[in-house]
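In what follows, a structure is listed as structure tokens, so that the remarks can point back to it.
The values are calculated or read from the model by the stated rules, or taken from the named source; none is laboratory data. Not measured: the values here are computed from a predicted model. A quick note on method: Cβ atoms are made from the backbone with ideal geometry, for glycine too, and the neighbour counts reach across all protein chains shown.
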Number of protein chains: 2
Amino acid sequence: MKTPIPAPALERLCSLYQLLCRMEGEDLVRVSSTELGRRTGQPAHTIRKDISFLGEIGNSGAGYEVSRLKDHLFSKLGLQREKRACIVGLGRLGSAILSSSNIANEAFRIVAGFDSDVNKLETIKTAIMVFPSHEIADVVRRMAIELAIIAVPAARAQEVADRLAGGGIRGILNLAPTPVMVPPGVFIRNIDIAGELRILSAMSGVQLASQGHGVPCPTVLL
Amino acid sequence: MKTPIPAPALERLCSLYQLLCRMEGEDLVRVSSTELGRRTGQPAHTIRKDISFLGEIGNSGAGYEVSRLKDHLFSKLGLQREKRACIVGLGRLGSAILSSSNIANEAFRIVAGFDSDVNKLETIKTAIMVFPSHEIADVVRRMAIELAIIAVPAARAQEVADRLAGGGIRGILNLAPTPVMVPPGVFIRNIDIAGELRILSAMSGVQLASQGHGVPCPTVLL
């Protein structure tokens with residue numbers, strides 16, 4: 001019997017996986033849900049509940065074995081199957097992501113790039129295959145690409161999302177500074193760097209009700 | 001009497017501000033809280049409550065005037081005061097952000113850049129002033145810089161955050177793929193592009209309990 005898991009729990013479990021990778025690097029062997037909570041900014045009971053969605057693992061009373069919990073999450077979250085990804089928009093931001101070692105990880109591999117500027121496709125230096133944007137749906141289908149990163153200007157983002165969805169994409173990370181709509185069955189994450197800076201600007205520009213700790217939910221006076 | 005506002009409401013109000021800017025561009029004159037909720041993925045009563053934190057504005061029964069609500073948010077969120085920002089790490093991601101028109105907006109102006117590689121500082125082509133990383137605290141203080149973007153490798157991120165905090169920074173947007181700790185009074189937003197792709201990979205790699213709509217909280221079977 002499969003247990004349904006809400007998306008916010010899935011997000012927290014992915015963060016937990018990253019934390020466990022770091023803890024393994026720090027040679028930590030065993031960790032309590034309290035400590036995991038402290039390092040992720042979540043209550044310990046939320047940590048235990050999230051982990052329980054993935055089935056039986058260890059005994060949270062005696063703490064979790066770091067490596068075992070990490071491997072458990074890796075397998076249950078389906079991260080062992082590397083997914084093919086593409087990037088749309090090979091301007092400065094898209095190219096930077098393509099070549100950034102900060103972005104590389106085990107969950108996906110970027111196999112294709114798209115741009116509407118044919119001159120750019122001819123001159124770009126990259127090991128991945130590049131295609132004009134009007135071929136998005138065909139290429140995504142043919143190469144069985146599951147994930148996409150959108151790094152085009154705001155005005156082009158929705159059209160690109162539509163083409164990706166048309167090719168059967170499963171998940172989209174949208175870096176354009178505008179949200180995009182996707183059909184049912186396609187997952188979308190919007191990251192708006194300018195919007196995040198606007199939030200910081202508002203947070204740091206208003207009077208504080210109490211000193212925040214740079215952690216979730218400081219209270220702010222307007 | 002000032003009303004305290006929780007940070008999540010502040011975040012939603014910033015998103016609402018961005019939506020209102022787009023609506024103004026679409027020549028929309030009046031909008032209901034229901035429509036604002038539909039376009040932001042929030043219940044209408046949350047929209048009304050968030051707006052009420054900012055004091056009296058219009059009558060939500062007859063809907064809001066788009067331009068008036070936008071100007072109200074702009075002023076109450078303190079966005080009319082452009083804040084000075086810096087970027088630490090002038091590698092591909094940092095340089096891309098520096099020159100990206102997707103990032104530019106009214107809330108901040110990037111006035112300085114830092115990198116630990118002195119050769120890079122001598123060869124980079126940019127209109128902003130650049131400095132070696134060991135001068136971060138001094139320059140932030142001297143130039144009255146309030147916001148910072150961290151675009152360095154994970155291993156350097158905490159050290160950079162400490163230096164920024166030492167210079168009196170108010171808010172940090174951390175793009176390094178590891179969270180950083182900041183002292184009380186400094187706001188932090190962590191954007192982990194690789195982590196977001198991992199979440200998408202997990203979401204798209206597992207069986208769905210019901211069809212998600214690419215909107216908040218699809219339920220997922222593991």
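Tabulated data for the structure shown
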| item | result |
| --- | --- |
| Matching option when the condition is more than 23 Å from the chain's Cα centre (by Cα) and of a type outside the set (S, T, N, Q), among B:Val118, B:Val140 | B:Val118 |
| Checking B:Ile199 against (1) more than 17 Å from the chain's Cα centre (by Cα); (2) modelled with pLDDT of 90 or more; (3) buried (at least 21 other Cβ atoms within 10 Å of the Cβ), the condition it does not meet | (2) |
| First in the stretch A:176-200 and within 7 Å of chain B (Cβ to nearest Cβ) and under 21 Å from B:Ala202 (Cβ atoms), second anywhere and part of a strand (DSSP E or B) and at pLDDT below 85, Cβ under 9 Å, 6 or more apart | A:Gly185/B:Leu208 |
| Residues of the stretch B:2-47 satisfying the condition of being away from chain A (no Cβ under 12 Å), in a helix (DSSP H, G or I) and among the acidic types (Asp, Glu) | B:Glu24, B:Glu35 |
| The stretch A:82-125, residues that are within 30 Å of A:Cys21 (Cα to Cα), in contact with a helix residue (DSSP H, G or I) (Cβ under 6 Å, 6 or more places away or on another chain) and assigned to a loop (DSSP other than H, G, I, E, B) | A:Ser100, A:Ile103, A:Asn105, A:Ala107 |
| Scope the stretch A:50-81; condition among the acidic types (Asp, Glu), more than 14 Å from A:Leu13 (Cα to Cα) and modelled with pLDDT of 85 or more; matching residues | A:Glu65 |
| Criterion (among the small types (Gly, Ala, Ser), at pLDDT 95 or above, more than 22 Å from B:Pro179 (Cβ to Cβ) and out of contact with any strand residue (DSSP E or B) (no Cβ under 8 Å at 6 or more places or on another chain)) met by exactly one of A:Gly167, A:Gly113 | A:Gly167 |
| Only one of A:Val118, A:Val88, A:Val130 that is within 14 Å of another protein chain (Cβ to nearest Cβ), in contact (Cβ under 8 Å) with a residue 12 or more places away in the chain and farther than 25 Å from B:Val152 by Cβ | A:Val88 |
| Test: B:Val140 is part of a helix (DSSP H, G or I), free of Cβ contacts under 8 Å to residues at least 60 places away in the same chain and closer than 16 Å to A:Ser204 by Cα | yes |
| Cβ-Cβ under 6 Å pairs, at least 6 apart or on other chains, the stretch A:29-49 side at negative phi, far side charged (D, E, K, R) and part of a helix (DSSP H, G or I) | A:Ser33/A:Arg48 |
| Whichever residue in the stretch B:1-49 is of a type in the set (A, V, I, L, M, F, W, C) and more than 23 Å from A:Ala155 (Cα to Cα) and, among such residues, is surrounded by the fewest Cβ atoms within 10 Å (Cβ to Cβ) | B:Met1 |
